[in-house]
Amino acid sequence: MQTQHIISSCRKAFIVGAMIVPLTACQTVKTTQSGAVGVDRQQRMSVSAQTIEKSANKQYAQVMAEASKKDKLNADTAQYARVKTIADRLIKQTPAFRPDALNWQWEVNVLTSGEVNAWCMPGGKIAVYSGLIEKLNITDDELAAVMGHEIAHALREHSRERASEQAIADVGITILATVAGLGQLGQRGMEYAYQGLLGLPNSREHETEADRIGVELAARAGYDPRAAINLWQKMGQIGGKEQPKFMSTHPPRADRVKDLTRYSQKVLPLYEQAKARG
Ligand SMILES: [Zn+2]
């Protein structure tokens, strides 16, 4: 991942007894340009992009190797081709938010699994589960909505931000690591990165940003941004024991449909232009 626009950097100091310990170097950054949807919140990072990326690459390779061993990796050629085509069209539009993303080592894979799930790790490592496609009887526009949303999380580096928040919150451990030396701090950073990448629910703020950037990416790629509304309604209809895995990492919100309606309308002209271009 390339460097993003750094707005300011700071060094924190914490007092331990009578001793002042210089601590985590933190930076306030803008990971993305604001786009037509106007996402412009500044983010504070204390874990490096390299740490997160290294961790993501490792985890992604592990998941894919395991799936491959069980013949569950891109098993349905037509399904894979469909997902890859949509992903490629979305990726092409990422410079609207961050020009460096075109240089990322993007990967797209379809996993054979009953789970209704999809994610994009930092640096552009995408996974779509066949359960998402089959159980939702998903359309191309809706697939673009899911992938657009997930790609948006990666562009905004939400995992890195979450890992940074945890590192900052856990002052005790950070002090210990600082006192013990940089080696341990690096190791600790690695652990935070792991926690941040998979499985934890996204915050409301991160979800809103991913929704808004997601509809714009879809619209620019020529997919109907209004499909995002339908998608979340379909997700919500799978209830009971079948609660989609996706819903635990993307907690449903009462105001999501309202926000998606507003922002998908806002980017509708981009969709019309993309369609006109063919
Ligand atoms: Zn999300």
Worksheet, complete the sentence: Every listed condition ((1) touching a residue at least 40 places away in the same chain (Cβ under 8 Å); (2) out of contact with any strand residue (DSSP E or B) (no Cβ under 7 Å at 6 or more places or on another chain); (3) open to solvent by less than 30 Å² (accessible area, probe 1.4 Å)) holds for Asn230 save (3)
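For the stretch 224-245, does any single residue satisfy the condition of being in contact with a His (Cβ under 6 Å, 6 or more places away or on another chain), at pLDDT 75 or above and either under 21 Å from Ser55 (Cα atoms) or away from the ligand (no atom under 16 Å from the Cβ) (or both)? Walk me through how you get there before you give the answer.
Taking the stretch 224-245 first, the residues in contact with a His (Cβ under 6 Å, 6 or more places away or on another chain) are none.
No, there is no match, as no residue in the stretch 224-245 is in contact with a His (Cβ under 6 Å, 6 or more places away or on another chain), at pLDDT 75 or above and either under 21 Å from Ser55 (Cα atoms) or away from the ligand (no atom under 16 Å from the Cβ) (or both).
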Worksheet item: Out of all the residues in the stretch 37-80, which are at pLDDT 90 or above, under 17 Å from His153 (Cα atoms) and small (Gly, Ala, Ser)?
Response: Gly38
Discussion item. Quick check on the stretch 4-20. Is at least one of its residues closer than 19 Å to Ile151 by Cα, buried (at least 16 other Cβ atoms within 10 Å of the Cβ) and at pLDDT below 85?
Written reply: yes
Fill in: Test: Glu157 is surrounded by fewer than 23 Cβ atoms within 10 Å (Cβ to Cβ), at pLDDT 90 or above and not hydroxyl-bearing (Ser, Thr, Tyr)
no
Discussion item. Going by what's in this entry, would Gln59 be described as open to solvent by less than 50 Å² (accessible area, probe 1.4 Å) and closer than 19 Å to Arg162 by Cβ?
Written reply: yes
Practice prompt. For residues that are out of contact with any helix residue (DSSP H, G or I) (no Cβ under 8 Å at 6 or more places or on another chain), charged (D, E, K, R) and over 15 Å from Val116 (Cα atoms), tally how many sit in the stretch 222-265.
Written response: 3
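Being buried (at least 19 other Cβ atoms within 10 Å of the Cβ), away from the ligand (no atom under 16 Å from the Cβ) and not in a strand (DSSP E or B) is the filter here, so list the residues in the stretch 107-135 that pass it.
In the first step, residues of the stretch 107-135 are kept if they are buried (at least 19 other Cβ atoms within 10 Å of the Cβ); the result is 108-111, 116-133.
In the following step, the residues that additionally are away from the ligand (no atom under 16 Å from the Cβ) were identified as 108-111, 123, 130-131, 133.
Those that are buried (at least 19 other Cβ atoms within 10 Å of the Cβ), away from the ligand (no atom under 16 Å from the Cβ) and not in a strand (DSSP E or B): Gly123, Ser130, Gly131, Ile133.
The values are calculated or read from the model by the stated rules, or taken from the named source; none is laboratory data. Quick caveat: nothing in here was measured; it's all calculated off a predicted structure. Note that each Cβ is placed from the backbone with ideal geometry, even for glycine, and that neighbours are counted across all protein chains shown. Note: accessible area is taken over every heavy atom of the protein model, side chains too, but ligands, DNA and RNA are not part of it. Shrake-Rupley method; radii C 1.70, N 1.55, O 1.52, S 1.80 Å.
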